[in-house]
Amino acid sequence: MDLWGNEDWWDREAEEKKPPEETDYEGMEREFYHCRACPLRREGGHGPVLSTGPCPAPLMLVGEGPGSVEDEHGLPLIGPSGQLLDRALLSVGITRDHVYVTNIVKCRPRGNRTPTQQEGYFCASRWLVREIGLVKPKVIVALGKPALRFFLGREAGIIRNRGHWISWHGIPVMPTFHPAYLLRQEGHAQVEAKWAVYYDLMAARDKAAALAPDWVWKSGNVPDLTEMYAQRILMRKELAESK
Ligand code: SF4
């Protein structure tokens, strides 16, 4: 149900937002850093945070929004949650430099609050859909409730829906727990949630690998993410300062 009480608003809008046809990732990124389209830009963060990873890529992971570490450095999922995600990816044979990682909302909600469904939809329909059009993922992993709700087009809970494939404009989407949720769990509950994420990531990787059989999923050596991130930070600075 939306702000005005219209029950089917999300379904209708989600249908209308197909990934556009475009090819210039850098052009999109240059535009992106100047976005001031919604009030989140004024909540006190350092500016929009886009992505890490290659374009195109058969597997895209979509999180929630930047936290304080991500906001400061301008890269998604690089703080404690991101580091846990990296370890989860490694457990299914993927290194972070071989997948595309982004968020539903690109500006940091004040106080690390969860973005509302309206905020998620507003931002994702402007930027995430363009990223999907450019990255052309074969499979998307939705990390947590805000990402699930965008792709499902309606209110839904992550506990009930994780591990079940959904389809967004023909792209298979696997919902799973956000790594921040795993960090909040303790003891047996945390172990159970980690196993759930392991099986969800494994299913996503298997499907993506079947659809992109030539893709290499893992670097030979442990990748130097610091170097990769430094290059992205530099590029972000240059593009943000360009007109
Ligand atoms: S949250 Fe998204 S739509 Fe809002 S200002 Fe940031 S980039 Fe733009």
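Values quoted throughout were computed directly from the atomic coordinates according to the rules given, and no laboratory measurement underlies them. Please read these numbers as outputs of a predicted model, since none were measured by experiment. All Cβ positions, glycine included, derive from the backbone under ideal geometry; neighbour counts span all protein chains shown.
Put simply, when 141-148, 159-166, 217-224 are sorted by average Cβ atoms within 10 angstrom per residue, most first, you get 141-148, 159-166, 217-224. Over the chain, the hull volume per residue, using the convex hull of the C-alpha atoms, is 125 Å³.
Which of the GluC sites (Glu not before Pro) across region 177-243 are loop residues per DSSP, with 12 or fewer other Cβ within 10 Å?
Sparse-neighbourhood loop GluC sites (Glu not before Pro): Glu186.
Region 143-187 and region 55-76 have Cα centres lying 16 Å from one another.
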